[in-house]
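All remarks here apply to the structure that follows.
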């Protein structure tokens, strides 16, 4: 890779990680006025409309057959089920803690890939899992003292598991252009969370506060579409295994933003627990040797393209 290409990739990587770091904070602000499921549905309706417009500009066709089935399943898990849980959890869980829990996605993806017999289990995965679980337990202690329900923490972890399951599922389907996959996925996710929102009787009202509109606008445009485009730029120059290090960088940005904008306390439990989780994710799923094994195990053309 040329020096210029490396600089472009690095700039895009850092920028998308910083912008994605604001997503959990934006969800917290959205949840203060809107019901969680309705807020998630509104965000993904706007994001899906933008991506469908991009599809039209690029003249991309919709997938058919098994490719369409894979895109729909991706949307149901990666956007529908996952963000229904994440939005619910972030009503009570602070953004820094929540985003750090979401850093479990690469490790959860590995464990589910082993369960589905797509990859082999390795000792490093065991060590990484134990470190991450210890980090989750440690980080949970301080919030529980502050009356944050354990169910809220488990909801965020469940959201991470749903994202991981989506990434594992789509490996068995034909590859789809990443813009198309995310356009179809976000449309599907919006339909899922909106249906759930109506089912539980959420008030489907538009925001009245300026800060809520700012949060939703950020989440829909910057946190979804712009971050996604920057991620594609990174993948143009870097392997997916290297790009996945964003899952480790994003929580660090979120903790700083949440402490600044949302008065999240930066406790010893949050810092030490977060370190254990990120160390576990690195050892279990992101270290160079593990990344090479994952690349060898994945057939060319079958890997999913994801947006943060």
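The values are calculated or read from the model by the stated rules, or taken from the named source; none is laboratory data. Note that this is a predicted model, so its numbers are computed, not measured. Cβ atoms come from the backbone with ideal geometry, glycine included; neighbour counts cover every protein chain shown.
Before moving on, here are some points about what is shown:
- Residues that are in contact with a helix residue (DSSP H, G or I) (Cβ under 9 Å, 6 or more places away or on another chain) and outside any helix (DSSP H, G or I) within the range 236-265 comprise 238, 239, 244, 245, 262, 264, 265, listed in sequence order.
- Some residue of the range 125-137 being surrounded by fewer than 18 Cβ atoms within 10 Å (Cβ to Cβ), farther than 29 Å from residue 75 by Cβ and at pLDDT 90 or above: no
- Enumeration of residues in the range 53-71 that are surrounded by 18 or more Cβ atoms within 10 Å (Cβ to Cβ) and either under 26 Å from residue 247 (Cα atoms) or free of Cβ contacts under 8 Å to residues at least 40 places away in the same chain (or both): 70, 71
- Filtered by the rule that a residue be surrounded by fewer than 17 Cβ atoms within 10 Å (Cβ to Cβ) and part of a helix (DSSP H, G or I), the range 206-221 gives 210, 211, 213, 214, 217, 221.
- Any hit, the range 243-256, residues being more than 16 Å from the chain's Cα centre (by Cα), crowded, with 16+ Cβ neighbours inside 10 Å, modelled with pLDDT under 85 and farther than 21 Å from residue 79 by Cα: no
- Checking every residue in the range 286-296 against the condition of being closer than 19 Å to residue 114 by Cα, at pLDDT 65 or above and not in a loop (DSSP other than H, G, I, E, B) gives at least one match.
- Applying the set (1) in a helix (DSSP H, G or I); (2) in contact (Cβ under 8 Å) with a residue 60 or more places away in the chain; (3) more than 28 Å from residue 245 (Cα to Cα) to residue 24 leaves exactly one unmet item: (3).
- Check on residue 92, surrounded by fewer than 24 Cβ atoms within 10 Å (Cβ to Cβ) and either modelled with pLDDT of 95 or more or on the phi < 0 side of the Ramachandran plot (or both): yes
- Looking across the range 1-21, just one residue is assigned to a loop (DSSP other than H, G, I, E, B) and at pLDDT 90 or above, and that is 21.
- Within the range 159-205, considering residues that are over 15 Å from the mean Cα position of the chain (by Cα) and without any contact (Cβ under 8 Å) to a residue 60 or more places away in the chain, the one nearest to residue 64 (Cα to Cα): 195
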